[in-house]
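Q: One structure is given below, represented as structure tokens, and several questions about it will come after.
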Amino acid sequence: MSLRLDPAATIVLHLMLARGMLIGDRIKLSILNVSWEESGRSKHELNLAIAQLQRHQLVRVHLNTPSTMLELTPSGVEVGHQKPAPAPAPAAQPKPRSSKPRVRRAPPMAQRAASQAADSSSAPPARSLEHASVFRSRDAELTPRVMQLSILGLTHHYRLAAGGSLPFETIRAHWFEMGLSEPDLLYALDGLINSGDIQTRSQPRELIILTARGQQRYQSLAADLDEGLDRWRAKKLLRRTKNLGALPAACA
């Protein structure tokens, strides 16, 4: 299937597949709208993109449910995993014909056997490749940016201004409530320190200090849809904590 979709429609399709959706899976329209609006795009553009996907039967829209749902169709999975067609190769210049007749020789037996072996070990069918891609995207949801935004979300919940601090043990306790490991926490903190979003102090106790850069990073809009999706994933993690019910970013 070869379709020419608008860029916005292609992005919506890829956002659905990035969440690990398979054929027949459904997602709330409001969830897609979160990452869409955080990237600075308009809701009108999202509606036009969904209308185009529905027109080509790449998604089904269900209105007879408590929340509007989008369902991924088999064609939607197929089109979403298609690679752009390669650019046509430049036409070869014709070579002058030789007056001498050419004799085409058959390749040696060893060469033919190697060629047949290469053909038999070609890539697996497209369907298995598609499913492998989906499972890889599920495993890759916990990106460094998701973990860093989760830490910055904790500082936002505690209403830290630039220069404000939290005990490391407080962040560590919430981190475990989110179901994440301590190596992941240390890795995320290291990234935030290197980017200048936080500073640390070890005396008289270990503190995490929010910088003006870190505060601005969390409060600013997402730069693109990928970052909007990571912000949405970070908010999902924050909802797992026991004491963050009042966190604005964690409210549905």
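Q: With a probe of 1.4 Å, find how much accessible area region 144-241 has per residue, and write the answer as a whole number in Å². Can you show the working numbers first?
A: On the way: 4780 Å² over 98 residues.
Here the residues of region 144-241 average 49 Å² of exposed surface.
Q: List the equivalent ellipsoid semi-axes of region 37-82 in whole Å, largest first, each obtained as the square root of 5λ for an eigenvalue λ of the Cα gyration tensor.
A: Gyration-tensor ellipsoid for region 37-82: 19, 16, 9 Å.
Q: Give me the 1.4 Å probe accessible area per residue for region 7-81, excluding ligands and nucleic acids, in Å².
A: Working: 3490 Å² over 75 residues.
Computed with neighbouring chains in place, this is 47 Å² per residue.
Q: Next question, about the same structure. What FRET efficiency do you get for A51 and N194 if R0 is 35 Å and r is their Cβ-Cβ distance, rounded to the nearest 0.05?
A: Values: r = 43 Å, r/R0 = 1.24.
Efficiency at R0 = 35 Å is approximately 0.20.
Q: Keeping all protein chains in the complex and leaving out DNA, RNA and ligands, what accessible area do you get for E227 with a 1.4 Å probe, in Å² to the nearest 10?
A: About 30 Å², ignoring ligands and nucleic acids.
Q: If you take the beta carbon distance between E206 and R159 as r and set R0 to 25 Å, what does 1/(1 + (r/R0)^6) give as a FRET efficiency, to the nearest 0.05? Write down the numbers at each step before the final one.
A: Working: r = 21 Å, r/R0 = 0.82.
Computed FRET efficiency for E206 and R159 comes out at 0.75.
The values are calculated or read from the model by the stated rules, or taken from the named source; none is laboratory data. Computed from a prediction, not measured in an experiment: that's the story for all the values here. With ideal geometry, Cβ positions are generated from the backbone for all residues, glycine too; neighbour counts draw on all protein chains shown. We work out accessible area using only protein heavy atoms, side chains counted, and drop any ligands, DNA or RNA first. Shrake-Rupley method; radii C 1.70, N 1.55, O 1.52, S 1.80 Å.
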